[in-house]
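Beneath this line is the structure, given in structure tokens, with notes to follow.
The values are calculated or read from the model by the stated rules, or taken from the named source; none is laboratory data. Because the structure is predicted, anything quoted here is derived from the model rather than measured. Because the Cβ atoms are built from the backbone with ideal geometry, glycine has one as well, and the counts that use them run over all protein chains shown.
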Amino acid sequence: MKPVISDDPIFADYLEYRAAQAHSDVDTLASQIARDTFYQSVYLLHERFQAGEFSLGYMAQQLGITKPNLYHLLDAMGLKVTNV
């Protein structure tokens, strides 16, 4: 049971992926990453990507996820995956 993130499937998916990569459990990771900070980071990075400052690959790297996972994340959040 994940009470901290059960109401936010986007954040839950992100935490599950990161926990699997770090060989950690979701609750431990959830205690280290604040939900608001996660969204703030995504929106800020996406804004900079849209401005052409860097690639989606770099954005994925900054979030600690793969590029395909970033596509899914941005799609789930309703954000564009191109800056054209």
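So the values come out like this:
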quantity: Residues of region 21-50 satisfying the condition of being small (Gly, Ala, Ser) and either at pLDDT 95 or above or in contact with a strand residue (DSSP E or B) (Cβ under 6 Å, 6 or more places away or on another chain) (or both); calculated: Ser41
quantity: Ile10 vs. criteria touching a residue at least 24 places away in the same chain (Cβ under 8 Å) and aliphatic (A, V, I, L, M); calculated: yes
quantity: Cross-chain or 6+ apart pairs with Cβ under 8 Å, region 26-40 first and among the acidic types (Asp, Glu), then outside any helix (DSSP H, G or I); calculated: Asp27/Lys2; Asp27/Val4
quantity: Residue in region 1-9 that is surrounded by 15 or more Cβ atoms within 10 Å (Cβ to Cβ) and in a helix (DSSP H, G or I) present; calculated: no
quantity: Of all residues making up region 25-52, the number that are farther than 20 Å from Gly78 by Cα and in a helix (DSSP H, G or I); calculated: 7
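Quick grid of which residues meet (1) within 21 Å of Val81 (Cα to Cα); (2) of a type outside the set (Asp, Glu):
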| residue | (1), (2) |
| --- | --- |
| Glu16 | no, no |
| His23 | no, yes |
| Asp27 | no, no |
| Ser31 | no, yes |
| Ala34 | no, yes |
| Leu44 | yes, yes |
| Glu47 | yes, no |
| Glu53 | yes, no |
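Each row is one residue, and each column tells you yes or no for (1) small (Gly, Ala, Ser); (2) assigned to a helix (DSSP H, G or I); (3) at pLDDT below 90.
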{"position": "Ala19", "(1), (2), (3)": "yes, yes, no"}
{"position": "Phe54", "(1), (2), (3)": "no, no, no"}
{"position": "Gly57", "(1), (2), (3)": "yes, yes, no"}
{"position": "Asn69", "(1), (2), (3)": "no, yes, no"}
